[in-house]
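Since the structure comes first, as structure tokens, the remarks are kept for the end.
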Amino acid sequence: MLQDVQFAVRRLSKSPGFSIVTIATLALAIGANTSTFSALNQFLLRPLPVERPKELASLNTGGGNGQSYPNYVDFRDRNRSLAGLIAYRVQPVGINHDGKSSYIWGYEATGNYFDVLGVRAALGRTFLPEEDIKSSPRAVIVLSYTSWQTRFAGDPNIIGRIVKLNGLDYTIIGVAPRGFYGTEVLLAPEFWVPMAMEPQIEPGHNWLDDRATWNIWVLGRIKTGVTIQHAEADLNSIAVELARIDKFNIGMKIHLSPPGLVGATFRGPVIGFASVLMGLAGMVLLIACVNIAGILLARASDRRKEISIRQALGAPRWKLVRQLLTESMVLAAAGSSAGVLIASWLLGLLQSVQLPLDIPAAKSLPIDATVTIFTIGLTFLTVLLFGLAPAIHAARVDLVAGLKNQLSERFRRIQFRDLLVGAQVALSMVLLVGTVLVVRSLQRAVTIDIGFNPHHAAAVMFDVALNGYDKERGKDFERKLKDQLATIPGIDSVALGNTIPLSIAQSNTVTFAEGKPAPPPSQAPRAYYYAVSTGFFRTMQTRMMEGRDFDARDTENSPRVGIINQALARRLFPNEDAIGKRFGQGPNGPWTQIVGIVQDGKYQSLNDDNQPAFFWPRSQRYDPTIAIVARSSMPAGDLVRRLEQAVYSVDAGIPFFQAGSLEEHLNLPLLPARIAASMLGGFGVLAVVLAATGVYGMLAYAVSKRTREIGIRVAIGASRSDVLHLILRRALIIIAAASGLGTLFALGAGRYFGPVLYGVSPRDPATYALAMFLMAAIGTLACLVPVRRALSIEASEALREE
């Protein structure tokens, strides 16, 4: 083997052009696969950094992983299959540190959170059970290791220090170990506080005693020897009992899933998206291997005399195959080494990208032992994919013809290399279709009707509760803020809401129609809800379809009123006029009278399909979270600065969640499509380049080996058009047939692109026509150089060759 390796290195060093192209091709393909797998490993395969992570399971209900705190207590105390059950929630708070106000995200966690997970503090300690008692909670905080290092400069005397959250003093009791960011792999909050501190962490939102508020995530550790099925049966027996206690628990069914992705809520979409990316990366690798296999077949044809001499001297065929596979292994090893460097660069680039998220995202993508093993396995796989067939083919030469260095192929006959080129074109066609689809989708995304007009408008968002405001102070702040906003020149309209559609802060609740049979809460329609001021719909340019807007009649002491969208009207009052009717968030009210109906819109994502929503007047429903929306012809940057100045004139210590134009506000809902476009675009360009290289190599090789034949044809009268037809006919047939086959594959794979497409069908005819045109153009361009060479052949020079 050592001799084989030494000989392989000598052979490859004598063909530097071939070696460099092959290694670069493999490096790009293996780098793409390694970086994609690294992300997959981080978010799906790598267990949480806790004790015995395989014992952990998230408790999911039919609507996701949400659960109410009273239900959590019952599940914790009544179950017989779990060694421990924890609950947690991610929440922002205002922090005052070194004289500066800002907001940070952290966990509200039950007192047994760290004990059940088996996580020990790197410094200090974690929670004690008595610190998480509702009647007498303690204001203590555990910092993440990163927060300790960055925000507090790694102070070794940090334990016992006081930090202000929402204007209240919290005592730092510990620092979590390095690399532990909690129980959600996509997030990286900075702290943990006891869940019993919820009234102080979320002023005005006391839900610890409310069974109807399902807003915490629950995670359990299954006892040794207990199966998933047994644990689910145990928990569902408790759910049946809870349904008798409260109507909101009717129909609740628990199923367990691996933790880390909000239970089953994000696990399905993340797995689906990761599978598509791995499939695309694998397709690029396959195209690269097919490309190299074609090149190796051509090299084997050129080496037929060498191989024949070896056979004539007694070399067994298996030794020849081993030698050729060794050369492939040397190429693959060099390519994978370069691929790891490319993957490291790509992962570093990804980690440096600033995502349009308020919540800090976990972006560490290390190349660990699992990724290394994957890359090594990928190296061996590439050798089998591109090296085995050419090696076997090369070892089967005709000994007599090989010793004479004669080529027995005919020009018009379809060769195995041609089939390999066709496979490249077909696979590249799938990626090209996907690339065109997501690019067209991004173009359409800015034109689809999202329920409001994002142009010439801006918004700033903040939460006064994070600065210690109670309800009365918050109302006073809002009154003063409205006075300040009214003095800003150049604003066409301005309004307030608690949030705006398509932001990350969306909440929904069950809705019931008065006077109609109440379905079980688990089956009642859920609707997004907003608390908005007068003029909100005018500022957002949301069309009022029926009824009226909120006005001065809607005071704190007047009957409760609301505005619903068309989708909720259809769900609650089908084939009826909804104006004047009432709905509630519980089967027994309190009831809200409908005074208006607005157009449907997009609320959670751009793929929303007529989701229900309703709106309350802020004058009747106080909310400490404020989103100022203003419309003006002035530049967005100037408008945002004036809105911020208006806020600072009331309280200079208010930190903002988000501030920017409504067009920038769409960066978050467009993020999945932009990621898909970037990935597909990169894979698509690489695949098309490889396909074009394959077409070029096929024709260039054919022309170089048929120079004498072309010369003879020219000598006996063949015209330039005859030569052109001779050269192009086979290539264009291969491109056309392979493009058609690739189109069929793309039609079958189109459904996988659906979640990131907006306003474009996965089977859009224009997309497929454009992709086929691009492939034909690229294939034709790849033919130009070999065709020009064929047309320049002189008969007299060609006939001298042999």
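Overview of values
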item: Of all residues making up region 147-164, the number that are under 15 Å from residue 189 (Cβ atoms) and open to solvent by less than 50 Å² (accessible area, probe 1.4 Å); result: 3
item: Filtered residue count, region 226-260, keeping only those that are on the phi < 0 side of the Ramachandran plot and open to solvent by less than 20 Å² (accessible area, probe 1.4 Å); result: 9
item: Total residues in region 319-343, condition over 19 Å from residue 21 (Cβ atoms), open to solvent by 60 Å² or more (accessible area, probe 1.4 Å) and touching a residue at least 12 places away in the same chain (Cβ under 8 Å); result: 1
item: Subset tally (residues that are at pLDDT 80 or above, of a type in the set (A, V, I, L, M, F, W, C), open to solvent by 30 Å² or more (accessible area, probe 1.4 Å) and closer than 23 Å to residue 287 by Cα) for region 681-735; result: 5
item: Long-range neighbours under 6 Å by Cβ, at least six apart or interchain, first residue at pLDDT 80 or above within region 36-64, second surrounded by 20 or more Cβ atoms within 10 Å (Cβ to Cβ) and among the acidic types (Asp, Glu); result: none
item: Any hit, region 84-97, residues being crowded, with 17+ Cβ neighbours inside 10 Å, in contact with a Leu (Cβ under 7 Å, 6 or more places away or on another chain), closer than 30 Å to residue 523 by Cβ and among the small types (Gly, Ala, Ser); result: no
item: Of the criteria (1) open to solvent by 10 Å² or more (accessible area, probe 1.4 Å); (2) in a helix (DSSP H, G or I); (3) closer than 23 Å to residue 261 by Cβ, which one residue 114 fails; result: (1)
item: Matching residues, region 143-174, being under 27 Å from residue 651 (Cα atoms), touching a strand residue (DSSP E or B) at 6+ places or on another chain (Cβ under 8 Å) and aliphatic (A, V, I, L, M); result: 162, 163, 165
item: Selection status of residue 640, closer than 25 Å to residue 480 by Cβ and at pLDDT 95 or above; result: no
item: Subset of region 526-535 (residues that are out of contact with any Gly (no Cβ under 6 Å at 6 or more places or on another chain), open to solvent by less than 30 Å² (accessible area, probe 1.4 Å) and farther than 17 Å from residue 511 by Cβ); result: 533, 535
item: Residue in region 366-373 that is open to solvent by 50 Å² or more (accessible area, probe 1.4 Å), of a type in the set (S, T, N, Q) and either part of a helix (DSSP H, G or I) or modelled with pLDDT under 75 (or both) present; result: yes
item: Any pair with Cβ under 8 angstrom, 6 or more apart, that starts in region 737-753 at a residue that is in a helix (DSSP H, G or I) and ends at one that is charged (D, E, K, R) and surrounded by fewer than 18 Cβ atoms within 10 Å (Cβ to Cβ); result: 747/763; 750/763
item: From 268, 294, 314, 263, residue being surrounded by fewer than 19 Cβ atoms within 10 Å (Cβ to Cβ) and either assigned to a helix (DSSP H, G or I) or touching a residue at least 60 places away in the same chain (Cβ under 8 Å) (or both); result: 268
item: Residues being in contact (Cβ under 8 Å) with a residue 40 or more places away in the chain and in contact with a strand residue (DSSP E or B) (Cβ under 7 Å, 6 or more places away or on another chain) - total across region 573-600; result: 16
item: Per-region count, region 122-146, residues small (Gly, Ala, Ser), under 16 Å from residue 175 (Cβ atoms) and open to solvent by 30 Å² or more (accessible area, probe 1.4 Å); result: 2
item: Residue list for region 635-654, restricted to those being farther than 17 Å from residue 541 by Cβ and among the aliphatic types (A, V, I, L, M); result: 640, 643, 646, 647, 650, 652, 654
item: Residue among 106, 31 that alone is part of a helix (DSSP H, G or I), small (Gly, Ala, Ser) and buried (at least 22 other Cβ atoms within 10 Å of the Cβ); result: 31
item: Residue that is of a type in the set (S, T, N, Q), over 34 Å from the mean Cα position of the chain (by Cα) and either under 30 Å from residue 212 (Cβ atoms) or assigned to a helix (DSSP H, G or I) (or both), where the choices are 523, 506, 484, 443; result: 484
item: Inter-residue pairs, beta-carbon under 7 Å, first under 13 Å from residue 435 (Cβ atoms) and in a helix (DSSP H, G or I) and in region 668-679, second open to solvent by 50 Å² or more (accessible area, probe 1.4 Å) and not aromatic (Phe, Trp, Tyr), 6+ apart; result: 677/439
item: Filter result for the condition that a residue is surrounded by 14 or more Cβ atoms within 10 Å (Cβ to Cβ), part of a loop (DSSP other than H, G, I, E, B) and at pLDDT 90 or above, over 454, 489; result: 454
item: Lone qualifier among 118, 99 - being under 32 Å from the mean Cα position of the chain (by Cα) and either basic (Lys, Arg) or at positive phi (or both); result: 118
item: Residue within region 639-657 that is touching a Ser or Thr at 6+ places or on another chain (Cβ under 7 Å), surrounded by fewer than 19 Cβ atoms within 10 Å (Cβ to Cβ) and within 21 Å of residue 499 (Cβ to Cβ) present; result: yes
item: For residue 552: the one exception among (1) small (Gly, Ala, Ser); (2) modelled with pLDDT of 95 or more; (3) over 38 Å from the mean Cα position of the chain (by Cα); result: (2)
item: Boolean, residue 636 is touching a Gly at 6+ places or on another chain (Cβ under 8 Å) and open to solvent by 40 Å² or more (accessible area, probe 1.4 Å); result: yes
item: Hey, residue 688 in contact with a strand residue (DSSP E or B) (Cβ under 9 Å, 6 or more places away or on another chain), in a helix (DSSP H, G or I) and β-branched (Val, Ile, Thr) or not; result: no
item: Strands (runs of 3 or more DSSP E) completely within region 553-623 that count 1 or more residues being over 17 Å from residue 515 (Cβ atoms) and open to solvent by less than 70 Å² (accessible area, probe 1.4 Å); result: 561-565, 591-598, 613-617
item: Cross-chain or 6+ apart pairs with Cβ under 9 Å, region 632-653 first and farther than 27 Å from residue 473 by Cα, then open to solvent by 70 Å² or more (accessible area, probe 1.4 Å) and in a loop (DSSP other than H, G, I, E, B); result: 632/456; 633/456; 634/456; 636/456
item: Options 465, 426; residue that is within 24 Å of residue 761 (Cβ to Cβ), touching a Gly at 6+ places or on another chain (Cβ under 7 Å), open to solvent by less than 20 Å² (accessible area, probe 1.4 Å) and in contact (Cβ under 8 Å) with a residue 40 or more places away in the chain; result: 426
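The values are calculated or read from the model by the stated rules, or taken from the named source; none is laboratory data. The model shown is predicted, which means the values in this text are computed figures rather than measured ones. Positions of Cβ are generated from backbone atoms using ideal geometry, with glycine treated the same way; all protein chains shown enter the neighbour counts. Note: accessible area is taken over every heavy atom of the protein model, side chains too, but ligands, DNA and RNA are not part of it. Shrake-Rupley method; radii C 1.70, N 1.55, O 1.52, S 1.80 Å.
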